[in-house]
Amino acid sequence: MAAGFDKIAISIPGHADAWFVLTCASGDFDSSPADCLAIGGTLILGRSSGDPTISITQEGTESRIRLIETRLYQWAIEGEVNAASVQSPLEEKRRQRWSVRKRHSRLDSGEFCVVNHLGFSSFKLLDESENTLLELPLEFISQKLDFDTEYRRMTEDIAAFCEQLLLNWSAPTSLRFSSDPATERKLLLEQFLFLRHFLNDERLGLLLEAISRHPHSKLIKQTNWKPAGTARSHDYLGNPSRMLRSWRQHGGRKVPGEVLDVHKEDTHDTPPNQFIKFALTRFRQICLEVTELLPSSTSAREATALVNALDALLARRFFREVSPMRRLPLDNQTLQKREGYREILRAWILTQAATTLDWEGNEDCYQGETRDVATLYEYWIFLQMHKILESINGISKLEGESIHSDDPKEFISESDGQITINLSSGEHSRARFLYSPKETPALIIELHYERTFSHKASATSGASYSRQFRPDYTLSIYPAHLLSEKAAEKAGKIAHLHFDAKYRAQKLTEVFGDDEETDLRSEKAENKVLSSYKRGDLLKMHTYNDALRKTIGSYVLYPGGSESKTALRKFHEISPGVGALVMKPGQDACLDVLKGFLCDVFAHQSSQFTQYRYLSDTNHSIVESKPYRSLEEGGETYQIARRNAPCVLMWLKRKASTLFRENGFAYCHAVPKSDAQKLDLDLSIQTGSEFIPCGCGRGQPLTTLGWRAKITGARFLSKEKLRAYIGKRGLSEQLKPSSVEHYILYEFEEVANFRKFNIGEAHRRHRSGSEYMAVTCTWDEILKAQEE
């Protein structure tokens, strides 16, 4: 239970009317304890507040001061105290603001602020002889996550992932156990993490209750020599010579004086029960070692509580008759299959198997006094995304090492029995999956952590066209038949989906800002003064979409409140777009929303008939060839964007050229001669094709006629249909088609001047009939003819 204050004053032992005053910085700092009231005694005073930034928790006989990360706290010493220095891990500059002020060589006041780190710390006041005047235990909690539930859930989720990895990777007989004390001590906290996650108070009680209800036992025989008249068993009848003795004469016949009496009873002193006692004793030893290694940490308090629970269990009468274990019975069927026994065996295997798990990033999760919660949040999200991908129907993991030397590390790898988790801040790693949904093409999905997109000049690559960028997570998606990302890039069939974790954000407006114009003006003004901008994350998502080629979307993941998903789409489909999704530990609904979103993205990428696919394929076909030839028109020079774009060359009489140019159409022979039926066939061609008329006099070379246009349509039609078309435009007197039965009619617009040059070679190369029939060539051939 915690009481909240905005200011506290703590009496300094041995110094009358001397106080250590601590408050959250806000305006002028009043270091007087006069406005504070006693908290359950006279040694600590507090001032209540509507916004408590300091709380005092009580656990048993221990009191602890809880502070909030990212808040600036000020402290001062009131009264006559000969304090010379202060000692605290908070002095490490990489974690917080820290300053100390002195007056006349005596400690007077200071301030500190912890950023991104949660957990325990301490604060000591020392005199000139370095004797401790006052020691305060501090605990830093988060406003973004509930420290006692969500923060714990985040670390437990990470522990659960490691636990499942160890259990799935190897059978118990293949785990490597270390006997090196130095190695075991190094991995002690990892062992305790698994143990704490698996054996909480509730589960431990349930397991032992299950064992007590149905304990393993065996029937044993005990034999004692007893007088013949008191023996109860009749087993001697089967073997009287061995089980009878002390014969004597009685009434003329021999009778035994003693009988080997056999007594049968159940005993719990069996190998499975011996193992349970051994395992619980080992768990207790791990907890005791944790309390010695970190005597004032959260782990130490949890370990002490677990020790007390284990002591109570081991004191039960059930374990008094169980002797020490002489052999490790891993092959015992009771241990492997019976309820209660198999769970204890599993917990013991996990604590031992910690030596087979290597993770460079684990110190951010559960080692040391404080924990980098922002990095921990990043790791947690990656593991949750990995878990989500594994749970999607039709998805399977792709195992195996990297094929190319420049490939990133695999997220999980194994070598010589050592399992390695390659998840560390600043290091690129990936996990690969195969998505094979029914009735749709299969996809390869690669989940990347901190992938760097460097600058590349290639217009068809998935790299950046400006500077380096490194999203926290990237999903790279491409068709499975292409096998590799490089092949997918070359084919223009790859898509990147980016995510950034924003632990700092609590509300959507903190991520993307507000849409109100007044708020936008105030944000811009604030940015000029404070170098902060609420829309910074939104702008960064847009930057990813723009700067990183082949990107289909960029999204923020943050531990928000009531919002679940905000998606801003560029067009009508799920991608391309930007957005934000809530990822809050302990809220499974958030995982369901992210899973549904990813499933929608994968289904969208599998389809070959989306607007995005049309735009992507068209864009790839346009930019894959670099324009390198120029064209001059009207005194201006410009590049041809698509040098392979089609152009139509048509021979026209020079006197009719002007008439066609003014009316936006022209026609030519479809075939030299035909007896076919009358046709009216629409031959619309790709928008953007060029219409270039050409002509020549008798004995002269074929040249362009000085203009060109954009074709908007083409039709294959009969002579009668063409005459009707010309008649509607009032041009029957000037134009009289009569040579052949079928013609091709081209309609065009955007008429522009065009340089006159010899086009004969290009025309002859593609000519298939008479010179009066149109031919199709490429811009590249036209430009080459112009240069020649």
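The values are calculated or read from the model by the stated rules, or taken from the named source; none is laboratory data. As the structure is a prediction and not an experimental result, all values here were calculated from the model. Every residue, glycine among them, receives a Cβ derived from its backbone with ideal geometry; neighbour counts consider all protein chains shown. Side chains are part of the model used for accessible areas, which takes the heavy atoms of the whole protein and leaves out ligands, DNA and RNA. Shrake-Rupley method; radii C 1.70, N 1.55, O 1.52, S 1.80 Å.
A few comments on the model shown:
- Within the stretch 576-666, helices (runs of 4 or more DSSP H) holding 1 or more residues that are at pLDDT below 80 and either more than 36 Å from the chain's Cα centre (by Cα) or farther than 30 Å from residue 754 by Cα (or both): 611-623
- All strands (runs of 3 or more DSSP E) inside the stretch 1-112 with 3 or more residues being loosely packed, with under 14 Cβ neighbours inside 10 Å and at pLDDT 80 or above: 96-103
Residues checked against (1) of a type in the set (A, V, I, L, M); (2) under 60 Å from the mean Cα position of the chain (by Cα); (3) over 20 Å from residue 712 (Cα atoms):
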position: 746; (1), (2), (3): no, yes, no
position: 750; (1), (2), (3): no, yes, no
position: 753; (1), (2), (3): no, yes, no
position: 759; (1), (2), (3): yes, yes, yes
position: 763; (1), (2), (3): no, yes, yes
position: 774; (1), (2), (3): yes, yes, no
position: 780; (1), (2), (3): no, yes, yes
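- Qualifying residue in the stretch 767-776 (condition: in a helix (DSSP H, G or I), closer than 20 Å to residue 654 by Cα and either open to solvent by less than 10 Å² (accessible area, probe 1.4 Å) or of a type in the set (D, E, K, R) (or both)): no
- Selection within the stretch 77-88 - under 21 Å from residue 120 (Cα atoms) and of a type outside the set (S, T, N, Q): 86
- Identity of the residue in the stretch 335-353, touching a residue at least 60 places away in the same chain (Cβ under 8 Å) and open to solvent by 20 Å² or more (accessible area, probe 1.4 Å), that ends up farthest from the chain's Cα centre (by Cα): 338
- The condition (being out of contact with any Lys or Arg (no Cβ under 8 Å at 6 or more places or on another chain) and among the hydroxyl-bearing types (Ser, Thr, Tyr)) is satisfied by just one residue among 738, 770, 732: 770.
- A search for C-beta distances below 6 Å between a residue of the stretch 65-94 that is without any contact (Cβ under 8 Å) to a residue 40 or more places away in the chain and closer than 20 Å to residue 11 by Cβ and any residue that is of a type in the set (A, V, I, L, M) and assigned to a helix (DSSP H, G or I), counting only pairs 6+ apart in sequence or on different chains, returns nothing.
- Residue in the stretch 244-277 that is modelled with the highest pLDDT, counting only those that are assigned to a strand (DSSP E or B) and of a type in the set (S, T, N, Q): 267
- Test: residue in the stretch 717-735 that is among the basic types (Lys, Arg), at pLDDT 90 or above and open to solvent by less than 30 Å² (accessible area, probe 1.4 Å): yes
- Scanning the stretch 438-461 for residues that are over 25 Å from residue 412 (Cα atoms) and in contact (Cβ under 8 Å) with a residue 40 or more places away in the chain yields 438, 440, 441, 459, 460, 461.
- Check on residue 372, at pLDDT below 75 and touching a His at 6+ places or on another chain (Cβ under 9 Å): yes
- Residue check for residue 395: of a type in the set (Val, Ile, Thr), open to solvent by 20 Å² or more (accessible area, probe 1.4 Å) and at pLDDT 60 or above: yes
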